[in-house]
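> Sharing a structure, written as structure tokens. Questions coming.
The values are calculated or read from the model by the stated rules, or taken from the named source; none is laboratory data. Predicted model only: the values in this text are computed from it and were never measured. Cβ atoms come from the backbone with ideal geometry, glycine included; neighbour counts cover every protein chain shown.
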Amino acid sequence: MKKKIFIILAIALIVIVSIKIFSGERNIEKLLENPSSSMINILHKIETNDNLIVFYQQFENKDLSVAWIEKKIFGYKLVNSMVQGEIDYTLDRNGLTISNSPIENKNFFPIIFGLIGDSNIKNIKVIDSINEITKDATIIDNDTYRLWYIDSSVFYDLKSRITISVISNNGEVMKEFEDSF
């Protein structure tokens, strides 16, 4: 009798865990949905040990949002999120958008990110000349968008003043933007 109960409980647990694992993508979308917006369009996910960083668009793709999500045993928990609103103007003017997670917010992954709208942009470098640190951004390129991001924890730790250099296809600096944390 005890053996049957154990087997039934084990099967039930396997079924529940399987449902949660295989419905993960939908759970992320449901977690990020805003009642006043259209469907969520997930652009890219970065997996860390216990977290996901999800780049997505809503509001008819006129924004770029990023969310920090904790992986839990039975689904996901939204830790924090932020949005770049109305990106068209900035993309038209600068060729890219730039945002960073606030240093004072310990509930957010340290990241600098944006979209690239200018096809002449090949690379983006983040430079801290005082501490002699240079990091290249990761660029995700597909048919519908170009997303860039960089783990900026090294810059946060130093309370840096940084320069974001936009590099063209021929290797020249197209633009530079200064920022401080």
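> Can you tell me which of (1) among the β-branched types (Val, Ile, Thr); (2) at pLDDT below 75; (3) not in a helix (DSSP H, G or I); (4) not assigned by TED's automatic domain parsing to the domain that holds Asn142 is the one Ile69 doesn't meet?
(2)
> Mind counting the residues in the stretch 41-53 that are under 14 Å from the mean Cα position of the chain (by Cα) and outside any strand (DSSP E or B)?
Matching residues across the stretch 41-53 total 1.
> Right, another one. Having 1 or more residues that are under 21 Å from Val66 (Cβ atoms) and touching a residue at least 60 places away in the same chain (Cβ under 8 Å) is the bar; report the strands (runs of 3 or more DSSP E) wholly within the stretch 114-155 that clear it.
138-141, 146-151
> Suppose we keep only residues that are of a type in the set (Gly, Ala, Ser) and modelled with pLDDT of 85 or more within the stretch 139-181. Which one would you say is farthest from Asn94 (Cα to Cα)?
The residue in question is Gly171.
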